[in-house]
Amino acid sequence: MTFHPKPEAGPARPWDFPAPERSALDNGLTVLHCHRPGQKVVAVEVSLDAPLYAEPEGLDGVATIMARALSEGTDKHTAEEFAAELERCGATLDAHADHPGVRVSLEVPASRLERGLGLLADALRAPAFPDDEIERLVANRLDEIPHELANPVRRAAVALYADLFDADQRISRPRQGSEETVRRIDADAVRAFYATHVRPSTATVVVVGDLTGVGLEGVLGSTLGEWTGDQAKPRSHPAISADDTGRVIVVDRPGAVQTQLLMGRIGSDRHDPVWPAQVLGTYCLGGTLTSRLDRVLREEKGYTYGVRAFGQVLRSSADGGGASMLAISGSVATEVTGPALADLWQVLRTLAEEGLTDDEREVAVQNLVGVAPLKFETAAAVAGTLADQVEQELPDDYQAQLYARLADVGTVEATAAVVRAFPPDRLVSVLVGDASAIVEPVKELGIGPVTVVN
Amino acid sequence: MGHTATPDTGSAATPQVGLTATEHRLANGLRVVLSQDSLTPVAAVCLWYDVGSRHEVKGRTGLAHLFEHLMFQGSANVPGNGHFELVQSAGGSLNGTTSFERTNYFETMPAHQLELALWLEADRMGSLLTALDLESLDNQRDVVKNERRQRYDNVPYGTAFERLVAMAFPEGHPYHHTPIGSMADLDAASLEDARAFFRTYYAPNNAVLAVVGDIDPEQTLAWAEKYFGSIPGHNGKPAPRDGSLPGVIGEQLREVVHEDVPSRALMAAYRLPQDGTREADAADLALTVLGGGESSRLHNRLVRRDRLAVGAGFGLLRLAQAPSLGWLDIKASSGVDADAIEAAVDEELARFAEEGPTPEELERAQAQIEREWLDRLATVGGRADELCRYSVLFGDPQLALGAVSRVLEVTAEEVRAVAAARLRPDNRAVLVYEPTGPQAEDAQDPGNAADAGNAADGGNAEGSSEEAGDEQ
């Protein structure tokens, strides 16, 4: 074949993260909307101010059961009819509870947006919460728990949160409750949680998609505008605290062919000015296959299919009192668990000693900023990010500003941020794997005291 | 050199989809499909090679997928991991996947970086063997073995798909094994195997290139010609083994697995009509009505009313050169045995074979499938992949444009008929999981319809060389 020199890029075409328009309905519901031409499936995200820490003592999981029960019938439809009506619109409706609040997500073709929003409004405004459906959801949830514990990724997360965070904090316990707490949940508890925490005045709806020909104001008025509720008392978020002294917890899974790794510690609120530099530095450490961790663990040694480092917001508040999880995760073959961890720690130490290179920083900026138009092609991606910003008490232009700030982060700053984020002696390491094969090699590494749990 | 472009046939797009495409062919046989859409400044490059695990031979299962990994290990002008590095530092994303019937490689780029992606794909199509060495083979062999452990061997029910496929397609059939392959065969793959595989299957006339997005079609075609046009085509590809089989298995196959899983499960694979036929679309609708969501018959019966199961779903794995598979996945509620579930399933399927869908059920199923299609078309990468799919599997990218309309035309009687013909006990392979762990007595589960659907849609069948997704 004839070879040609590597081509140069053409002139970049401008792209900005979409700026939403903000308004409010008469019932106090905050509305953000954004027209995205060509996106024929409209994404609707509703963020409810019902955080997990608001669950009553001993009823962990009630927010989850309430979220799931929103689609189990309304004042107009039984549970079966409601599911059928949704599907008749070609819509999907999902709801889940996480630390900052409950999120309800509707996706529906633009041609059926009004019908979809009508059903969403019914679910929020007048959920029936029938006794027998709640009872079934509780039984289902109980049946799910053993599956989560059998999944190495989930098992590692449960163990890390339980050990890292102080035991009296809601955040230390599974988001969807434990067997003991879920068993106590009934329809009365669900109704009480709804009555206390769900109201339009503290909720936000985000609508994104091709809204050509949609009279959004009118459509919202006749659907979500019918939802009524009182004013809420202001909330004060509890502080989040953790002990990230370096230590190792081995969760025994006899016979496992791989060890699931999860090394984590507590990080700052997303409002911390370090965040953009930390995003950049964390990408250089373990954002992709060409980052430092995979360059050694995957592409040189073949120990893993992939190891990633990330920062995940747990809760973020305007006063900066929230927290994030900084972690490294992946799985490695059982027999190389010791050498893989030794390499992983060496990568962290080398990073602390030598820092990032200008080239690494440059490539990371080009990627993180450059992929933005790809990442936000779909309505659902834009809506999800806008709703996250609301939930995290960030300004509506946060994502747009983040790209500008990322481009300004220097190598020294990115190095400082990632070294501060991942100090080798302050990681709680959870290893889900065959204890009989991995405990001894791990003890020899000197990365902290080793405890084995079942 | 020079190309013969077919006339612009792209103007007849279906109104629901708004997708148009033009088709061209270079002198070396490379087919090029272009679709312009300037709403967002991005461009997707997608390259499908007409080779998948069905082309593998006994003793070398997993080779197509292992080879896909080697395609990211450098070529004549792209050292080491340069393919990843160059795309990522241009603000692009990329990956490759391998299934039974094809291997695909794709980059989504900011529009002004399109040319780079074409240069990279051409370099490895034309010169991979210059760079391929034993060191990268050994390394990627270990990576792929860890991929297998992570996705199949180290998770509960992880090998279910492999077991069902092996029952539904008999020993010796090209689809008897899944793309991930066996550990022993991965160990056995040699550098010479990899080289021979490349020489046999990685030719321009065995591939389709689709470029979709904010592109100048004329310029894009000129770039395709410039970079790919001098790669010689060849006809060294042997005729693939015949994948045709009787429409029904003829008996009920069954395997009971005693494993440390969290709950009992009943799974099954049914042989269904081949992709590309109207009957396959009818089967898709039948599975959607029966097990495609929260208003489906199996969900209402097993989960909602009888409370035998925590999740019950049906998915369709479309296959073009062998019978498609209908994939049933039911995880039992605690204390429920598999017989009770199976009896309820049989009753529902028999009733459906008799009655067919109600008009409301058919409307819902069609609306769901239409939305799924719109979702796939919401990204330039999704559109490029669909254009390649119809080109490689059915010889005509324009077929992608009418796919939704074809599903909407299917009648209730056709849906009933395919169910009556195929969703029968003598046309299925059944897999029952019996838990052996300490909680075996009161075992249980979640599982949901979406999981079942994803598994059968080929997600579990594919190995990807890198997991997508990053958090910022």
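The values are calculated or read from the model by the stated rules, or taken from the named source; none is laboratory data. On a predicted model such as this, the values are computed, not experimentally measured, just so you know. With ideal geometry, Cβ positions are generated from the backbone for all residues, glycine too; neighbour counts draw on all protein chains shown.
Quick one: is B:ALA378 more than 30 Å from B:VAL257 (Cβ to Cβ) and either away from chain A (no Cβ under 12 Å) or under 22 Å from the mean Cα position of the chain (by Cα) (or both)? Against the criterion (more than 30 Å from B:VAL257 (Cβ to Cβ) and either away from chain A (no Cβ under 12 Å) or under 22 Å from the mean Cα position of the chain (by Cα) (or both)), B:ALA378 qualifies.
Return a yes/no flag: does segment A:332-341 have any residue that is assigned to a loop (DSSP other than H, G, I, E, B), out of contact with any strand residue (DSSP E or B) (no Cβ under 9 Å at 6 or more places or on another chain) and crowded, with 19+ Cβ neighbours inside 10 Å. The answer is no, given that none of the residues of segment A:332-341 is assigned to a loop (DSSP other than H, G, I, E, B), out of contact with any strand residue (DSSP E or B) (no Cβ under 9 Å at 6 or more places or on another chain) and crowded, with 19+ Cβ neighbours inside 10 Å. Among the conditions (1) over 30 Å from B:PRO435 (Cβ atoms); (2) of a type outside the set (A, V, I, L, M); (3) outside any loop (DSSP other than H, G, I, E, B); (4) within 7 Å of chain A (Cβ to nearest Cβ), B:GLU147 misses just one, which is (1).
Taking residues in segment A:417-432 that are of a type in the set (D, E, K, R), and partners anywhere that are at pLDDT 95 or above, the pairs with Cβ atoms closer than 6 Å and at least 6 places apart or on different chains are A:ASP425/A:GLY246; A:ARG426/A:ASP244; A:ARG426/A:GLY246; A:ARG426/A:ARG265.
Residue-wise test of (1) assigned to a loop (DSSP other than H, G, I, E, B); (2) within 21 Å of B:THR288 (Cβ to Cβ); (3) at pLDDT 95 or above.
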| position | (1), (2), (3) |
| --- | --- |
| B:GLY382 | no, yes, yes |
| B:CYS388 | no, no, yes |
| B:VAL404 | no, yes, no |
| B:LEU408 | no, yes, yes |
| B:ALA419 | no, yes, yes |
| B:ASP426 | no, no, yes |
| B:GLU441 | no, no, no |
| B:GLN444 | yes, no, no |
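Cβ-Cβ contacts under 7 Å between residues 6 or more apart (or on different chains), taken from a first residue in segment B:324-343 that is more than 14 Å from chain A (Cβ to nearest Cβ) to a second residue that is of a type in the set (Val, Ile, Thr), are listed as B:ALA338/B:VAL432. The residue list A:ALA417, A:ALA435, A:ALA400 contains one member that is more than 24 Å from A:VAL257 (Cβ to Cβ), crowded, with 18+ Cβ neighbours inside 10 Å and assigned by TED's automatic domain parsing to the domain that holds A:GLU362, which is A:ALA417.
Please work out which residue is nearest to B:VAL336 (Cα to Cα), limiting yourself to segment B:238-266 and to residues that are under 26 Å from the mean Cα position of the chain (by Cα) and loosely packed, with under 12 Cβ neighbours inside 10 Å. Going through the qualifying residues, I end up with B:PRO246. Within the span defined as segment B:79-102, every residue fails to be away from chain A (no Cβ under 14 Å), closer than 24 Å to B:GLU218 by Cα, out of contact with any Phe, Trp or Tyr (no Cβ under 7 Å at 6 or more places or on another chain) and hydroxyl-bearing (Ser, Thr, Tyr).
Within segment A:2-18, being without any contact (Cβ under 8 Å) to a residue 40 or more places away in the chain and either within 7 Å of chain B (Cβ to nearest Cβ) or surrounded by 14 or more Cβ atoms within 10 Å (Cβ to Cβ) (or both) holds for A:THR2, A:PHE3, A:HIS4, A:LYS6, A:PRO7, A:ALA9, A:GLY10, A:PRO11, A:ALA12, A:ARG13. Applying the set (1) within 14 Å of chain A (Cβ to nearest Cβ); (2) under 28 Å from the mean Cα position of the chain (by Cα) to B:THR358 leaves exactly one unmet item: (2).
Residue by residue, here is whether (1) of a type in the set (D, E, K, R); (2) closer than 19 Å to B:PHE161 by Cα; (3) at pLDDT below 95 holds:
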residue	(1), (2), (3)
B:LEU253	no, yes, no
B:LEU266	no, yes, no
B:ALA269	no, yes, no
B:ASP281	yes, no, no
B:LEU287	no, yes, no
B:HIS299	no, no, no
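Of the residues making up segment A:240-248, at least one is touching a residue at least 40 places away in the same chain (Cβ under 8 Å), surrounded by fewer than 22 Cβ atoms within 10 Å (Cβ to Cβ), outside any loop (DSSP other than H, G, I, E, B) and not hydrophobic (A, V, I, L, M, F, W, C). Please go through segment A:5-26 and pick out each residue that is closer than 23 Å to A:GLY209 by Cβ, of a type outside the set (Ser, Thr, Tyr) and more than 25 Å from the chain's Cα centre (by Cα). Matches in segment A:5-26: A:ARG13, A:PRO14, A:TRP15, A:ALA24, A:LEU25.
Scanning segment A:61-98 for residues that are among the acidic types (Asp, Glu) and within 25 Å of B:GLU372 (Cα to Cα) yields A:GLU72, A:GLU80, A:GLU81, A:GLU85, A:GLU87, A:ASP94.
Of all residues in segment A:88-109, those satisfying the criterion of being at the interface with another protein chain (Cβ under 9 Å from one of its Cβ atoms) and either more than 18 Å from A:ALA387 (Cα to Cα) or charged (D, E, K, R) (or both) are A:ARG88, A:CYS89, A:GLY90, A:ALA91, A:GLU107, A:PRO109. Do we find that B:PHE106 is outside the structural domain of B:ALA268 (by TED's automatic domain parsing) and touching a Cys at 6+ places or on another chain (Cβ under 8 Å) in this structure? Yes. The residues in segment A:271-311 that are assigned to a helix (DSSP H, G or I), surrounded by fewer than 22 Cβ atoms within 10 Å (Cβ to Cβ) and at the interface with chain B (Cβ under 9 Å from one of its Cβ atoms) can be counted, and the count is 1.
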